[in-house]
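Colleague: Sending over a structure as structure tokens; questions will come in a sec.
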Amino acid sequence: MKVLVLAGDGIGPEVTAEAVRVLEWFGQNRDLDIRVTERDFGIANWRKHGTMMPEETWQQIQDADAILFGATGSLEQAGAVPPEERRKGSLLRLRKGLDVFANMRPVKMLPALSEGSPYKPRVTEGVDLMIVRELTAGTYFGTPRGIETLPDGTRRGVNTHSYTEAEIRRALRFAFELARTRRQHVTSVDKANVMEAGALWREIAGTIHREEFPDVGFEHMLADNCAIQLARNPRRFDVLVTDNLFGDLLSDAAGAIIGSLGMLPSASLSEPDADGRRRALYEPIHGSAPDIAGQGIANPLGSILSVAMMLRWSANRPEDAAHLERAVEAALAKGARTADIAAPGEAAVSTKAMGDAVIAAL
Ligand code: IPM
Ligand code: MG
């Protein structure tokens, strides 16, 4: 398995270093044949070399079996980078260029995290849901887009929320297939009451359920209602499938259940090619967190759990993936806590010490 590591900006390098150590553990101890290559990426790289990402890195991205991504720079920092250069090395280009439309964001409550959650234990207990976020279409990519000056001299910002039938279909099919490997239930989330693209989403979701997956439990839900259901009764969800923008919002909302975005991994997959191989991008969902970057206090578990998803989806090693997930649980059960998941008054460990705790548990 050729793994390309793009640690990027902010806390990206710190957390990714721990995830790479964990991945290498599997190379050394579990007979997993991996080749890890690291490449500079992002705003730090632009500062040093005048480019967010050299074109040769793009070749390596397309060549890799799996990409482990750290984080991309903050909006404020990015202001310094010319827009064209920024687009060349943007996370969105990566997602679109690899056509990784199926973004999985698992949210699983571990007993050890209960104290750190802002929700009551009776709400969080047993939460185990998977958000499937459509990742390569919708508001993030729709055209026309831009900021234009109107005849009266004031400006207007425009984005377009658009979805083709094919884009909706493949996201829904992915979600239904995933549900068959889990608790057999899909919630499809849209704003069909207001948006045409949402009405089309709902129609196609219903048809795919009826015609292809009648064995899987199914419901439609409006996105605003979904936001409150995630807070009131998150246990009701198994697979939640939604568009790119709602998926962005709702995955953060679901992250609040755990108490910290620092815990949350993700995997983004393309459709399989002729050899059945999916292109795959693995990234923690927390972002670059410039406020705590460079201090060695960020939580590496989002990145480490992304490695578990890599073992499952790119290496086809479900036992190793489960082994790693258990090791994370064990490290937490033994009391290892980074600052973001420590209960009030509880001592916190460093990024590196959390990596050590997981490797010791492995
Ligand atoms: C995420 C992030 C990204 C997104 C940002 C960093 C572009 O918030 O992966 O959820 O909006 O998709
Ligand atoms: Mg987000």
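Colleague: Counting only other residues whose beta carbon sits under 14 Å from that of L222, what net charge do I get with K and R as +1, D and E as -1?
Modeller: Local net charge: -2.
Colleague: First obtain the Kirkwood hydrodynamic radius of the stretch 1-158 from its Cα pairs, then insert it into the Stokes-Einstein equation at 4 °C and 1.567 mPa s, and state the resulting D in µm² per second as a whole number.
Modeller: Diffusion coefficient, whole number: 69 µm²/s.
Colleague: Rule-of-thumb check for the stretch 181-229: C-alpha Rg over 2.2 N^0.38 Å?
Modeller: Dividing the Cα radius of gyration by 2.2 N^0.38 Å gives 1.17.
Colleague: Considering only lysines 8 or more places apart in sequence, or on different chains, count the pairs in the chain whose C-alpha atoms sit under 20 Å apart.
Modeller: Step by step, the pairs that qualify in the chain add up to 5.
Colleague: Can you give the Rg and Dmax of the chain based on its C-alpha atoms, in angstrom?
Modeller: 20.2, 67
Colleague: How large is log10 of I(q)/I(0) for the stretch 108-234 at q = 0.12 Å⁻¹ when the intensity is taken from the Debye formula with one equal scatterer per alpha-carbon?
Modeller: Normalising to I(0) and taking log10 leaves -0.60.
Colleague: Any idea how far apart R232 and R326 come out in nm if each label point goes 7 Å out from Cα toward Cβ?
Modeller: Calculated label separation equals 3.8 nm.
Colleague: E38's amide H: which non-local residues (gap 5+, or another chain) put their own amide H closer than 5 Å, with H modeled 1.01 Å from N in plane and none for Pro or chain starts?
Modeller: Sorted by chain and number, the residues that satisfy this are V5.
Colleague: Moving to a separate point now. Looking only at L261, L245, L150, which one moves most when the chain is put into a Gaussian network model with springs between Cα atoms under 10 Å?
Modeller: Maximum among the listed residues: L150.
Colleague: While we're looking at this one, here's another question. I need two numbers for the stretch 226-358: Rg to one decimal and Dmax as a whole number, Cα atoms only, in Å.
Modeller: Rg, Dmax (Cα atoms, Å): 16.1, 54.
Colleague: If you take the beta carbon distance between E319 and D33 as r and set R0 to 25 Å, what does 1/(1 + (r/R0)^6) give as a FRET efficiency, to the nearest 0.05?
Modeller: After rounding, the FRET efficiency stands at 0.95.
Colleague: May I pose another question? I need to check one value: relative contact order of the stretch 10-130, counting alpha carbon pairs closer than 8 Å and at least 6 residues apart, in percent.
Modeller: Once divided by the residue count of the stretch 10-130, the mean separation gives 23 percent.
Colleague: Whole number in Å², please: accessible area per residue of the stretch 96-217, 1.4 Å probe, ligands, DNA and RNA not counted.
Modeller: 49
Colleague: Next question, about the same structure. In percent, how large is the relative contact order of the stretch 119-172, given Cα pairs closer than 8 Å and 6 or more residues apart?
Modeller: 32
The values are calculated or read from the model by the stated rules, or taken from the named source; none is laboratory data. Keep in mind that this is a model prediction, so the values were computed, not measured. Positions of Cβ are backbone-derived with ideal geometry, glycine not excepted, and every protein chain shown enters the neighbour counts. Only protein heavy atoms, including side chains, enter the accessible area calculation; ligands, DNA and RNA are left aside. Shrake-Rupley method; radii C 1.70, N 1.55, O 1.52, S 1.80 Å.
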